[in-house]
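**Student:** My questions will all concern the structure given below.
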Amino acid sequence: MSMLRVDDGEIDGLVEHFSRVLDFVELLGEVDISVGADRLPVVDGDALRPDVTREAGAPGGPLDRSGLLGRAPLASDEAFLVPRVVSRRERGKAGSE
Amino acid sequence: MTLPERDASALEVRNMVAAGDVTCAEVVAAYLDEATRWQSRLGCLVETFGDDARTVARAADARLARGEPARPLEGVPFTAKANIATKLGETSAGSAMLRGFVAPEDATAVRGMLDAGAILVGKTNCDEFAMGSSCENSALVPPGGPRTTRNPWDVARVPGGSSGGGAALAGATGWAIHLGSDTGGSIRQPAAFCGVTGHKPTYGAVSRSGLVAFGSSLDQVGPFGRTAGDVYAALQAIAGRDGLDSTSKDIELPGDLGSVPTPRRIGVPREYFVDGVTPEIERRTRHVIATLAADGCEVVDVSLPHTRYANACYQVVSTAEASSNLARYDGVRFGPRSESPGDLEALYQGSRGDGFGAEVKRRILLGTFVLSAGYADEYYERALAVRRRIRSDFVRVFEAVDVLICPTSPIAPFRVGERVTDPLALYACDVLTVAANLAGVPATSIPAGLDSDGLPIGVQLIGADGADASVLALADRYQSLCDDHRRLPEVPA
């Protein structure tokens with residue numbers, strides 16, 4: 001799920017590490033969260049921004065196409081250019097030509 | 001030309017520039033010389049911007065020569081941690097995953113410093129993606145220095161982390177401001193280890209726009225400086241509501257720290273003086289409290305009963321958020337791509353496996369686990385419920401007192417390599433700092449003298465939500481009563 005390649009040699013160390021961390025985290029089980037649960041937000045303030053349109057170029061506003069494409073390492077006039085992800089052989093196998 | 005004293009604060013440097021006693025160009029040139037001298041011992045900088053900084057300094061001098069008023073940080077050198085976006089240089093976050101990445105924009109905090117007249121002179125080393133407490137987890141090798149960043153008070157020891165590079169340079173030199181970030185103590189713990197003042201602002205007080213995300217509900221950009229006054233001036237430059245960060249907000253930061261009423265009710269949280277805090281650190285912390293009591297502060301014992309759960313709560317919340325934030329580094333959207341991937345899944349796994357270091361992988365794996373179906377209720381939801389109780393503790397206690405005082409770190413700076421093989425021992429370093437991040441409240445670490453080995457000790461001042469000015473006013477008051485913050489290590493030969 002975490003999309004990480006873990007080498008065989010790393011597995012024992014990771015298992016031991018997670019066992020220790022999860023044992024430590026079990027401490028949270030001591031807290032009775034079924035009673036007196038307050039409704040304080042986790043962080044203060046309202047994280048929702050006003051639902052208003054912002055002009056291009058304004059803080060938080062949209063970038064225009066050329067501004068956006070100009071930030072990419074590689075781009076054409078209308079799209080980001082990225083290296084091929086799946087080989088032609090793989091695509092052929094998937095029948096998605 | 002009269003250069004400032006070596007231990008001069010950033011504000012003293014700024015005032016000398018404003019008075020015409022020294023030029024911005026002279027300040028920048030001298031500071032870069034000093035930083036270079038320390039770099040060979042400390043490896044605190046990952047990049048310097050000498051030519052650009054000199055050009056900006058000359059332009060500032062020209063403005064002043066035309067009679068324009070000096071800005072609040074005119075001519076003050078500053079650095080940014082490697083995880084804070086700057087258009088100059090790389091923003092790698094100490095990771096091979098972002099090596100070579102040049103940000104298209106400055107972070108909002110960096111822009112604030114530049115607008116205030118400060119001059120960017122370099123980027124500082126940090127643990128990869130700000131995950132660590134020793135600055136030993138960086139994938140970067142500091143140019144012209146040791147392989148890992150060192151403590152200026154004893155180069156066999158770590159500077160703390162994750163903002164270890166900025167703290168080390170701040171500990172070695174005066175004059176400058178250094179921007180770091182603090183997710184679980186990453187400004188305060190290295191500030192304590194290196195003998196400087198470091199402030200974690202109220203959550204939202206400083207925009208996170210341009211900060212490479214680790215734990216988004218915990219991360220804050222904040223400054224290191226020699227004095228509370230320096231840190232306050234930098235905070236004024238970088239704080240405020242920003243349209244690029246919907247969690248940002250305005251807090252009250254009156255124009256002059258001297259005009260902020262000094263808090264008079266000090267709380268001493270008993271849960272922060274526990275086994276594991278060294279006797280010398282406890283003694284120095286109680287000395288700070290006694291000094292302020294003798295100055296007229298009322299001292300009250302208080303309790304934050306959920307403190308003992310804070311570190312466990314932090315491990316769950318921060319890794320969960322990290323696993324989500326770092327999902328974008330897949331070799332397609334961000335990060336170098338694995339060679340000969342085969343298929344898409346192998347491409348993701350290979351790119352992430354190659355690009356992330358061991359500590360980052362551990363945290364991603366743990367965070368993925370605590371968010372996974374079947375375990376999210378047991379770990380993540382429970383941690384959020386505990387977090388609310390931790391926050392509630394702070395809200396309640398600040399009805400009775402203005403500022404809490406406690407140690408910043410339970411231990412002194414440890415030797416390089418001493419804790420590398422035991423991540424849990426490293427996590428324990430954060431035991432006294434993580435609660436402020438979980439609660440979102442402001443906290444400052446100030447120097448409080450040296451221990452018997454000549455290593456710095458830091459004391460932490462924690463305030464109520466939005467009370468950054470009060471916290472720093474109390475720090476400023478303490479610094480007017482002692483000279484702990486003026487001490488510098490000996491200059492290398």
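**Student:** Looking at B:VAL397, B:VAL459, B:VAL434, which one is surrounded by 24 or more Cβ atoms within 10 Å (Cβ to Cβ) and out of contact with any Lys or Arg (no Cβ under 9 Å at 6 or more places or on another chain)? Lay out the reasoning, then the answer.
**Tutor:** Numbers: B:VAL397 fails: surrounded by 24 or more Cβ atoms within 10 Å (Cβ to Cβ); B:VAL459 fails: out of contact with any Lys or Arg (no Cβ under 9 Å at 6 or more places or on another chain).
Within the list B:VAL397, B:VAL459, B:VAL434, the selection yields B:VAL434.
**Student:** Just checking, how many residues over the stretch B:234-252 are part of a strand (DSSP E or B) and farther than 14 Å from B:VAL471 by Cβ? Explain how you work it out, then say what you get.
**Tutor:** First, the residues of the stretch B:234-252 that are part of a strand (DSSP E or B): B:239, B:242, B:245.
From what is left, the residues that are farther than 14 Å from B:VAL471 by Cβ are B:242, B:245.
So the answer is 2.
**Student:** Read through the list (1) more than 14 Å from chain A (Cβ to nearest Cβ); (2) of a type outside the set (A, V, I, L, M, F, W, C); (3) part of a loop (DSSP other than H, G, I, E, B); (4) buried (at least 23 other Cβ atoms within 10 Å of the Cβ), then give the number of the only condition that B:GLY255 fails.
**Tutor:** Unmet condition: (4).
**Student:** Every residue in the stretch B:330-369 that is surrounded by 21 or more Cβ atoms within 10 Å (Cβ to Cβ), within 28 Å of the chain's Cα centre (by Cα) and either more than 9 Å from chain A (Cβ to nearest Cβ) or of a type in the set (A, V, I, L, M, F, W, C) (or both), please.
**Tutor:** Across the stretch B:330-369, the qualifying residues are B:GLY335, B:GLY355, B:PHE356, B:VAL360, B:ARG363, B:ILE364, B:LEU366.
**Student:** Something else now. Got a sec? Which of B:TYR375, B:TYR379 is within 12 Å of chain A (Cβ to nearest Cβ), over 21 Å from B:VAL288 (Cβ atoms) and not in a helix (DSSP H, G or I)?
**Tutor:** Within the list B:TYR375, B:TYR379, the selection yields B:TYR375.
**Student:** How many of the residues making up the stretch B:187-233 are touching a strand residue (DSSP E or B) at 6+ places or on another chain (Cβ under 9 Å), assigned to a loop (DSSP other than H, G, I, E, B), among the aliphatic types (A, V, I, L, M) and more than 14 Å from chain A (Cβ to nearest Cβ)?
**Tutor:** 3
**Student:** Here's a follow-up. Cβ-Cβ distance below 6 Å, separation of 6 or more or different chains: which pairs start in the stretch B:65-89 with a residue that is more than 22 Å from B:THR173 (Cα to Cα) and end on one that is basic (Lys, Arg)?
**Tutor:** B:GLY89/B:LYS123
**Student:** Check B:ARG308 against each of (1) touching a residue at least 40 places away in the same chain (Cβ under 8 Å); (2) within 14 Å of chain A (Cβ to nearest Cβ); (3) part of a helix (DSSP H, G or I) and name the one condition it does not meet.
**Tutor:** Answer for B:ARG308: the failing condition is (1).
**Student:** Moving on. If you take the residues in the stretch B:311-329 that are closer than 20 Å to B:GLY210 by Cα and facing another protein chain (nearest Cβ under 10 Å), which one is surrounded by the most Cβ atoms within 10 Å (Cβ to Cβ)? Show your work before the answer.
**Tutor:** Quick first cut of the stretch B:311-329, residues closer than 20 Å to B:GLY210 by Cα only: B:318, B:321-329.
Still in the running and facing another protein chain (nearest Cβ under 10 Å): B:323, B:326-327, B:329.
Working: B:SER323: 22, B:LEU326: 28, B:ALA327: 17, B:TYR329: 24.
Top of the filtered list is B:LEU326.
**Student:** Provide a single number: the residues in the stretch B:75-105 that are under 30 Å from B:MET1 (Cβ atoms) and surrounded by fewer than 24 Cβ atoms within 10 Å (Cβ to Cβ). Working first, answer last.
**Tutor:** To start, the set of residues in the stretch B:75-105 that are under 30 Å from B:MET1 (Cβ atoms) comprises B:75-80, B:86, B:88-89.
Within this subset, residues satisfying the condition of being surrounded by fewer than 24 Cβ atoms within 10 Å (Cβ to Cβ) are B:88-89.
So the answer is 2.
**Student:** Can B:VAL386 be described as more than 8 Å from chain A (Cβ to nearest Cβ) and either of a type outside the set (D, E, K, R) or under 28 Å from the mean Cα position of the chain (by Cα) (or both)?
**Tutor:** Details: more than 8 Å from chain A (Cβ to nearest Cβ): no; either of a type outside the set (D, E, K, R) or under 28 Å from the mean Cα position of the chain (by Cα) (or both): yes.
Considered against the rule, which asks whether it is more than 8 Å from chain A (Cβ to nearest Cβ) and either of a type outside the set (D, E, K, R) or under 28 Å from the mean Cα position of the chain (by Cα) (or both), B:VAL386 comes out as no.
**Student:** Can you tell me which condition B:GLU282 does not meet? The list is (1) part of a loop (DSSP other than H, G, I, E, B); (2) in contact (Cβ under 8 Å) with a residue 60 or more places away in the chain, and all the others hold.
**Tutor:** Exception for B:GLU282: condition (1).
**Student:** Can you confirm whether the stretch B:151-165 contains a residue that is under 29 Å from B:ASP453 (Cβ atoms), surrounded by fewer than 24 Cβ atoms within 10 Å (Cβ to Cβ), hydrophobic (A, V, I, L, M, F, W, C) and in contact with a strand residue (DSSP E or B) (Cβ under 6 Å, 6 or more places away or on another chain)?
**Tutor:** Checked the stretch B:151-165: at least one residue is under 29 Å from B:ASP453 (Cβ atoms), surrounded by fewer than 24 Cβ atoms within 10 Å (Cβ to Cβ), hydrophobic (A, V, I, L, M, F, W, C) and in contact with a strand residue (DSSP E or B) (Cβ under 6 Å, 6 or more places away or on another chain).
**Student:** Determine if the stretch B:16-27 includes at least one residue that is assigned by TED's automatic domain parsing to the domain that holds B:LEU235, in a loop (DSSP other than H, G, I, E, B) and closer than 26 Å to B:ALA93 by Cβ.
**Tutor:** Here is the first cut: in the stretch B:16-27, the ones assigned by TED's automatic domain parsing to the domain that holds B:LEU235 are B:16-27.
Filter once more, so that each one left must be in a loop (DSSP other than H, G, I, E, B): B:20-23.
Narrowing the set further to residues that are closer than 26 Å to B:ALA93 by Cβ leaves none.
No, because not a single residue in the stretch B:16-27 is assigned by TED's automatic domain parsing to the domain that holds B:LEU235, in a loop (DSSP other than H, G, I, E, B) and closer than 26 Å to B:ALA93 by Cβ.
**Student:** Looking at B:PRO456, B:PRO442 in this structure, which one is under 17 Å from the mean Cα position of the chain (by Cα) and farther than 28 Å from B:ARG208 by Cα?
**Tutor:** Details: B:PRO442 fails: farther than 28 Å from B:ARG208 by Cα.
Exactly one residue qualifies, and that residue is B:PRO456.
**Student:** Now for a different question. Which condition does B:PHE334 not pass, out of (1) in a helix (DSSP H, G or I); (2) in contact (Cβ under 8 Å) with a residue 60 or more places away in the chain, if it passes all the others?
**Tutor:** Answer for B:PHE334: the failing condition is (1).
The values are calculated or read from the model by the stated rules, or taken from the named source; none is laboratory data. It should be emphasised that the depicted structure is a prediction, and the values quoted were computed from it without experimental measurement. Counting neighbours? That spans all protein chains shown, and the Cβs are built from the backbone with ideal geometry, glycine included.
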